[in-house]
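I have placed the structure first, in the form of structure tokens, so that the comments after it can refer back to it.
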Number of protein chains: 4
Amino acid sequence: MSFSKKMELLAQAIIANSWVLDENQVERFINLLIKSKNVFIVGAGRSGYVGRAFAMRLMHLGFTVYVVGETTTPAIKRRDTLVAISGSGETESIVHIAKGAKKQGAKIGVITSHLKSTISRLSNVKVQIGGRETAQLERDYLVRQIRGSHEPLAPLGTLFELSAMVFLDTIINELMYRKGKTEAELKKRHSNLE
Amino acid sequence: MSFSKKMELLAQAIIANSWVLDENQVERFINLLIKSKNVFIVGAGRSGYVGRAFAMRLMHLGFTVYVVGETTTPAIKRRDTLVAISGSGETESIVHIAKGAKKQGAKIGVITSHLKSTISRLSNVKVQIGGRETAQLERDYLVRQIRGSHEPLAPLGTLFELSAMVFLDTIINELMYRKGKTEAELKKRHSNLE
Amino acid sequence: MSFSKKMELLAQAIIANSWVLDENQVERFINLLIKSKNVFIVGAGRSGYVGRAFAMRLMHLGFTVYVVGETTTPAIKRRDTLVAISGSGETESIVHIAKGAKKQGAKIGVITSHLKSTISRLSNVKVQIGGRETAQLERDYLVRQIRGSHEPLAPLGTLFELSAMVFLDTIINELMYRKGKTEAELKKRHSNLE
Amino acid sequence: MSFSKKMELLAQAIIANSWVLDENQVERFINLLIKSKNVFIVGAGRSGYVGRAFAMRLMHLGFTVYVVGETTTPAIKRRDTLVAISGSGETESIVHIAKGAKKQGAKIGVITSHLKSTISRLSNVKVQIGGRETAQLERDYLVRQIRGSHEPLAPLGTLFELSAMVFLDTIINELMYRKGKTEAELKKRHSNLE
């Protein structure tokens, strides 16, 4: 299989994940963001980088947004929201942080493949994004796509992470639209010290 | 347009970018990685997070890989490679770092939308990944997709960043395949302190 | 020489640096911080970590403060201040960022050992903190303190970094005092998701 | 009290902490570092920045060293050491990580003010560094030094963090000396992409 074809297959799996989205979950997630005083983002490893990419765009949109663990992130409070990104919903450090946020009275929104996970149970709003385990179509396409290989096209959490990134950029578009923000306004807030 | 449909369109644009990949460029990029003693990754803003997600998987594969600016990143040397991720190819801080790497005799590989940019001209290997400006199909689909809106579906560098992320995860798959690595081996190197 | 004695000598060198502080420079630096709308902090390597430690306390004090390069750091503007921490005053990436900030009309304050350096020349307010090169007392005490060794007690920028860290924590105390802030107020803003 | 005098007092408190160091603890800590295959560093907030400053110098010295949570940090294993920096010894996220490291069979060294804390109990080697609570001299000098003010000169964990930073730089000097490393060798490994 050509390299180009493999890349297409990965993106096809993201599309498969767009088909199974629950629009009610998405709507609740958007409302949660809009109603929050401050938004805090957390994720471990690659999910953390997906979260940071999302946080940066929220800042461009004018949200007051912090990444948990960065230098100038203040205390979370009652009217704030923690957005946790965790494919398994079981990452221990994130479970710990979600419990901490709940204790402070903050709301929690989770992006995860597993609606019954520990983090999901702590969350007010849950959006399910398929990982390798959840979408039959993905399993068929990806896990043994390459003839003779028993290794997956997308190892470990890759499919969740890619799908979450595209999903969260679609959230950004939706927020631009609802808040009537232009690309020019986003650009004005974009870091000018690079 | 439904949210789900918007997410699908974003992923479609990634697919459009997979179609226009130059397989010779990709082959040279893979060889550059395989032959390097150490790989250094650099990118600004969201491209930096895409680069970090790639760096993490390279580590899982057994590469010696560093992110420029992280704590324990050592000096770059002659047999090393700098991988720069920059849609415009003009991000000033990255231009500066690429010049520094070149001065040390390191090779440079760039992932960019612009093959004639400043960083591209400094690079030994260039892979072009479409951004909003480069793919006609993307422009048609995305820039004014939403009726009545003059704002793009994917603001600023979003399309480049998403496409670069999927592209680099395809590189990871290709490296797994060529080096005969299993998912189990990747998992063994995965951080166990999360 | 005992370990304990070596640690004491390092701290003695910090004291020597406190003696040669220019109180007028310090006063101008404090006023610059107090009058800024937003404060941006930048430093490379270990100076960057000293800067982050300072940024965190400024946040605890109620300042709106950002670290250059972190996820949710917005564009710098005219009424903002960039605080650069650079022993040599010549770190290229910081020179570049200082020029960028100046172009946007922001003020610049520098903590450095070299008042005639490139970054110093770009700065509105300069505070000189001795490094190994500047304090005779330090050279005598530290550079060849250990008999028979030609290596310094404090290699590379160590002495500047340690002195800058203690200096900036003294600034925090001064700001607490002038703004009438209590430790309890600082604690309330301290991250509660650790 | 002049600003300069305040800065001197902070450094005096660091000296007081050098006097009460237990040289046996220090010796065990140095041996732990020298015998480890890989060293992992962890700390929360400002203690985390102190840890990163230490990690960077260990890399300059030729150690294989990683910061927990950074991009290319691999799994910890049996012959590795985790160095935890925590004034209270009770920071929950660090407790969690220390437990994880122990489960993998790694050794743990802790820099803390509290030898009976949770993290201390998990640790193979403990070095006590005074914070505000532990040194009478510090309490007298610092807590109510400023006439009429009931606020401390060094709020929250400041004194522990400063003392730990100077302590760890003394460790670096000791390691240079024992391993016969020159400043020039350190410089050669220093990042050249700044």
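The values are calculated or read from the model by the stated rules, or taken from the named source; none is laboratory data. These numbers come from a predicted model, not from an experiment. Cβ placement follows ideal geometry from the backbone for every residue including glycine, while neighbour counts extend to all protein chains displayed. For the accessible areas, the whole protein counts, side chains as well, though only heavy atoms, and no ligand, DNA or RNA atoms are used. Shrake-Rupley method; radii C 1.70, N 1.55, O 1.52, S 1.80 Å.
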Q.
Exactly one condition in (1) in a loop (DSSP other than H, G, I, E, B); (2) buried (at least 23 other Cβ atoms within 10 Å of the Cβ) is false for A:V50; which is it?
A. (1)
Q. Do we have any residue at all in the stretch B:68-88 that's buried (at least 24 other Cβ atoms within 10 Å of the Cβ) and more than 14 Å from chain D (Cβ to nearest Cβ)?
A. yes
Q) Can you name the residue in the stretch B:177-189 that is at the interface with chain A (Cβ under 7 Å from one of its Cβ atoms) and modelled with pLDDT of 95 or more and is also surrounded by the most Cβ atoms within 10 Å (Cβ to Cβ) among such residues? A) B:L186
Q: Residues being over 30 Å from A:L153 (Cα atoms) and open to solvent by 20 Å² or more (accessible area, probe 1.4 Å): count how many of those fall in the stretch A:13-30.
A: 3
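Okay, residues lined up against (1) aromatic (F, W, Y); (2) in contact with a strand residue (DSSP E or B) (Cβ under 6 Å, 6 or more places away or on another chain):
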{"position": "C:S2", "(1), (2)": "no, no"}
{"position": "C:V20", "(1), (2)": "no, no"}
{"position": "C:F29", "(1), (2)": "yes, yes"}
{"position": "C:I34", "(1), (2)": "no, no"}
{"position": "C:I41", "(1), (2)": "no, yes"}
{"position": "C:G51", "(1), (2)": "no, yes"}
{"position": "C:F54", "(1), (2)": "yes, no"}
{"position": "C:L58", "(1), (2)": "no, yes"}
{"position": "C:V65", "(1), (2)": "no, yes"}
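Say whether the condition of being under 18 Å from B:V68 (Cα atoms) and of a type in the set (V, I, T) is met by at least one residue in the stretch D:72-87. Working first, answer last.
So the first thing to find is which residues in the stretch D:72-87 are under 18 Å from B:V68 (Cα atoms), and the list is D:72-74.
Pick out the ones that are also of a type in the set (V, I, T) and you get D:72-73.
The answer is yes, given that some residue of the stretch D:72-87 is under 18 Å from B:V68 (Cα atoms) and of a type in the set (V, I, T).
Table: residues versus (1) touching a helix residue (DSSP H, G or I) at 6+ places or on another chain (Cβ under 9 Å); (2) of a type outside the set (A, V, I, L, M); (3) on the phi < 0 side of the Ramachandran plot.
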site: D:E27; (1), (2), (3): yes, yes, yes
site: D:L33; (1), (2), (3): yes, no, yes
site: D:F54; (1), (2), (3): yes, yes, yes
site: D:G62; (1), (2), (3): yes, yes, no
site: D:E70; (1), (2), (3): yes, yes, yes
site: D:R78; (1), (2), (3): no, yes, yes
site: D:V110; (1), (2), (3): yes, no, yes
Q) In the stretch D:136-155, is there at least one residue being more than 11 Å from chain C (Cβ to nearest Cβ), in contact with a helix residue (DSSP H, G or I) (Cβ under 7 Å, 6 or more places away or on another chain), open to solvent by 40 Å² or more (accessible area, probe 1.4 Å) and modelled with pLDDT of 95 or more? A) no
Q | Within the stretch B:17-33, tally of residues that are facing another protein chain (nearest Cβ under 9 Å) and farther than 16 Å from B:S163 by Cα | A | 2
(Q) Looking at the stretch A:16-28, can you tell me whether even one residue there is within 28 Å of B:H60 (Cβ to Cβ), of a type in the set (G, A, S) and under 11 Å from the mean Cα position of the chain (by Cα)? (A) no
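Looking only at the stretch D:52-81, count how many residues are in contact with a Ser or Thr (Cβ under 9 Å, 6 or more places away or on another chain) and closer than 25 Å to A:Y49 by Cβ. Give the steps one after another, and end with the answer.
Step one: list which residues in the stretch D:52-81 are in contact with a Ser or Thr (Cβ under 9 Å, 6 or more places away or on another chain), which gives D:52-53, D:55-59, D:63-70, D:72-76, D:79-81.
Then drop every residue that is not closer than 25 Å to A:Y49 by Cβ, which leaves D:52-53, D:55-56, D:59, D:64-70, D:72-76, D:80.
Residues in the stretch D:52-81 being in contact with a Ser or Thr (Cβ under 9 Å, 6 or more places away or on another chain) and closer than 25 Å to A:Y49 by Cβ: 18 in total.
Can you tell me which residue among D:L10, D:L33, D:L61 is open to solvent by less than 20 Å² (accessible area, probe 1.4 Å), closer than 21 Å to C:A154 by Cβ and modelled with pLDDT under 95?
Details: D:L33 fails: modelled with pLDDT under 95; D:L61 fails: modelled with pLDDT under 95.
Within the list D:L10, D:L33, D:L61, the selection yields D:L10.
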Q) Out of the stretch D:89-105, which residues are surrounded by 19 or more Cβ atoms within 10 Å (Cβ to Cβ) and under 21 Å from D:G157 (Cα atoms)? A) D:G89, D:T91, D:S93, D:I94, D:V95, D:I97, D:A98
(Q) For the list (1) touching a helix residue (DSSP H, G or I) at 6+ places or on another chain (Cβ under 6 Å); (2) within 25 Å of D:G51 (Cα to Cα); (3) not aliphatic (A, V, I, L, M), I need the number of the one condition that B:F40 fails. (A) (1)
